[in-house]
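The values are calculated or read from the model by the stated rules, or taken from the named source; none is laboratory data. Source: prediction; values computed, not measured. Here Cβ is always computed from backbone atoms with ideal geometry, including for glycine, and neighbour counts include all displayed protein chains.
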Amino acid sequence: MALTATAFEWVCTLVRRESAIVLEAGKEYLVESRLVPLARAAGAADVSAYVDGVRIRPDRKAQTAIVEALTTNETSWFRDGAPFTAFSTAVVPALKQARASTRSIRVWSAACSTGQEPFSLGMLLADSLLSEGWRADIIATDLSTEVLDKARAGRFSQLEMNRGLPAPLLVRHFTRVGTQWQVNDAIRKLVQFQQLNLTSSFAGLGQFDVVFLRNVLIYFDLETKRSILAKVRKALRPGGYLFLGGAETTLGVDEGWDRELIGRVSVHRPKNGGQA
Amino acid sequence: MRALVVDDSRAMRKIIAGALRKLGYETVEAADGALALAALQEGPLPDLATVDWNMPVMDGLTFVTQVRANREYRAMTMMMVTTEAEHGQIVRALAAGAHEYLIKPFTPEALEEKLALLGLLPEVAGA
Amino acid sequence: MTQSTETAPLEPDAVEDEALSQIVDAMWSSYFGHVEPMLPAFEPHDIEGPVLCASVGISGARPGLVSVVVEKAGAAPLAGALLQEDEGLTDEDVYDALGEIANIVGGNVKALVPDAGALGLPGIVAAQPLPSSAARQAARLDANWQGHWLTFVVWLAAPAQAVAGHVKHTSTDTGQED
């Protein structure tokens, strides 16, 4: 029944390669318990037999499933709180003035992962703009087609729902489906998901009033960061707003930005209104 | 900050109170709604009450309703922490006067994020 | 007699093994993440010998029972893991911890049952659980933790609607034969 050393080592190597997460010796039990449901679903005799099967006949889907089973880490709704407060209390009211003629705003959630960020933005926009007859579009992109499939489905586990989602918003915007919760169509239809590698061209995405690009630049080297920030500047409409992660900055990377403080949150706006 | 932890399970009171103390709270515990009301009468008024739903003697929904009916307790924030997981139950609890709702099982991170939403994270959090 | 197989297809039950397994997994990763994981069994495993069993009842249109059964020798270590206390646990502490496990699983199971009513308070017995005769086993999960066997099991009364449909259908058939 116990996991063989070969199977354990192979899983460790796979997970380290795909996620940079290191599973130390002694985690055999953890690996085994996480993989039992996959092994059972695949009809394998036990976990070692399942892993051996995937190892000998490489199967991209099964490899992804193994990595996901061992690295699941729920992301939060309204993650870090303050940026969303700044968005709804300062940025949206300012855009209401600036875009009064078109009554329409476009928001980009870059690196949207399983969808908590774009749906959080959607819930805020539903309350502040849609109720007043405005149009809002949220484009949500990620590198991984697997997380996009999950995000598009708009279904979240109980543990995911517990992570930072205010109960009044849960009640208003979600319906229970079995052990999961489904985001209602009113919010879901605001968000369009598409696969995008941030190092490739942004052509075809269109222009945005607000970009959320949080906790993703940290994974790139300086040159790539600079190139991404320059492309984001071009994708922003004049007077647009960029939100970065709390530990990220444009300073010393791309000088085409002004920084503005909203409460404790830094927002970044293209210099000269973006006409440079 | 002070929290009143209301749950009929000692194990669950220990889990919740332990997580709250790590965030910088002082905690008081009560094993049902009636004992929790008695604790409130003794004072001082806690900043937060975490309230289980299913308890002997007086359940959590009744406790929330009674606290809401008393103006002196208005400053206290109430969060249901319960295994009741239906949409309709969350609606009932909010209508009765609960401010937030955390479903068991929950992780310490989830508890912390709920307190952040309520503006009830002590500044010393994590210290 | 053969006509009785011609009943309307039963709707998939509200609570299945997969859902129970997700609920138990969420409970375990939330409160037992610091100890050795529980290994779900590939085959059903009936626990022989002394056990402790904590159960909560579900009232409503489909009354049910949710139980966690643990080998007696595994009960104190399990309670100790939940409480993060290894020594000085009383019987009361062990019953309390098992009861809370049943409560957490039971509440989440109740949310899957249409038109469910209230969740009962946990009861502890030193015997296998005893569901009412109207209830059928809906879902079950056997697992091993540190060499001790655990069983999570859900019983539910049959859906009232499906029973009504069955009766109506059979009586029509009977009418034709007569």
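Side notes on the structure shown:
- Long-range neighbours under 6 Å by Cβ, at least six apart or interchain, first residue closer than 15 Å to residue B:70 by Cα within segment B:28-39, second at pLDDT 95 or above and in a helix (DSSP H, G or I): B:33/B:62; B:33/B:63; B:36/B:63
- Being within 26 Å of residue C:93 (Cα to Cα), in contact with a strand residue (DSSP E or B) (Cβ under 7 Å, 6 or more places away or on another chain) and either without any contact (Cβ under 8 Å) to a residue 60 or more places away in the chain or part of a strand (DSSP E or B) (or both) holds for only one residue in B:79, B:58, and it is B:79.
- Residues that are of a type in the set (Ser, Thr, Tyr) and within 19 Å of residue C:121 (Cβ to Cβ) were ranked within segment B:2-56; the one that is farthest from the other protein chains (Cβ to nearest Cβ) is B:50.
- Test: residue in segment A:148-163 that is of a type in the set (D, E, K, R), in contact with a Pro (Cβ under 8 Å, 6 or more places away or on another chain) and within 25 Å of residue A:104 (Cα to Cα): no
- Test: residue in segment B:93-103 that is surrounded by fewer than 21 Cβ atoms within 10 Å (Cβ to Cβ), touching a residue at least 60 places away in the same chain (Cβ under 8 Å) and at negative phi: no
- Positions within segment A:1-60 being more than 10 Å from chain C (Cβ to nearest Cβ) and of a type in the set (S, T, N, Q), in sequence order: A:4, A:6, A:13, A:19, A:48
- Cβ pairs under 9 Å, 6+ apart, first in segment A:237-265 and in contact (Cβ under 8 Å) with a residue 60 or more places away in the chain, second outside any strand (DSSP E or B) and aromatic (Phe, Trp, Tyr): A:241/A:87; A:243/A:87; A:262/A:87; A:265/A:87
- Positions within segment A:127-160 being within 14 Å of chain B (Cβ to nearest Cβ) and under 15 Å from the mean Cα position of the chain (by Cα), in sequence order: A:156, A:160
- Residue match in segment A:88-105 (condition: under 17 Å from residue A:148 (Cα atoms), among the β-branched types (Val, Ile, Thr) and in the same structural domain as residue A:157 (by TED's automatic domain parsing)): no
- Among the conditions (1) buried (at least 18 other Cβ atoms within 10 Å of the Cβ); (2) within 14 Å of the chain's Cα centre (by Cα); (3) within 9 Å of another protein chain (Cβ to nearest Cβ), residue C:79 misses just one, which is (2).
- Within segment A:236-252, the set of residues being over 23 Å from the mean Cα position of the chain (by Cα) and either polar (S, T, N, Q) or at negative phi (or both) comprises A:238, A:251.
- Selection of segment B:56-91 for residues being over 15 Å from the mean Cα position of the chain (by Cα), among the β-branched types (Val, Ile, Thr) and within 21 Å of residue B:117 (Cβ to Cβ) yields only B:91.
- The set of residues in segment A:207-233 being within 23 Å of residue A:84 (Cα to Cα), surrounded by fewer than 15 Cβ atoms within 10 Å (Cβ to Cβ) and at pLDDT 90 or above consists of A:207 alone.
- Residues within segment A:161-215 that are more than 29 Å from residue C:18 (Cβ to Cβ), within 14 Å of chain B (Cβ to nearest Cβ) and in contact with a helix residue (DSSP H, G or I) (Cβ under 6 Å, 6 or more places away or on another chain), tallied: 1
- Among all positions in segment A:76-90, there is no residue which is at pLDDT 95 or above, within 18 Å of the chain's Cα centre (by Cα) and acidic (Asp, Glu).
- Test: residue A:178 is over 19 Å from residue A:257 (Cβ atoms) and free of Cβ contacts under 8 Å to residues at least 12 places away in the same chain: yes
- Scanning segment B:9-37 for residues that are outside any helix (DSSP H, G or I) and closer than 14 Å to residue B:49 by Cα yields B:25, B:26, B:27, B:28, B:29, B:30, B:31, B:32.
- Any hit, segment A:112-119, residues being closer than 21 Å to residue A:215 by Cα and of a type in the set (A, V, I, L, M, F, W, C): yes
- Scanning segment C:98-150 for residues that are within 11 Å of chain B (Cβ to nearest Cβ) and of a type in the set (Phe, Trp, Tyr) yields a total of 0.
- Test: residue in segment A:166-178 that is surrounded by 21 or more Cβ atoms within 10 Å (Cβ to Cβ), within 17 Å of the chain's Cα centre (by Cα) and at pLDDT 95 or above: no
- Within segment C:49-120, strands (runs of 3 or more DSSP E) holding 3 or more residues that are within 22 Å of residue C:143 (Cα to Cα) and of a type outside the set (Lys, Arg): C:51-60, C:64-71
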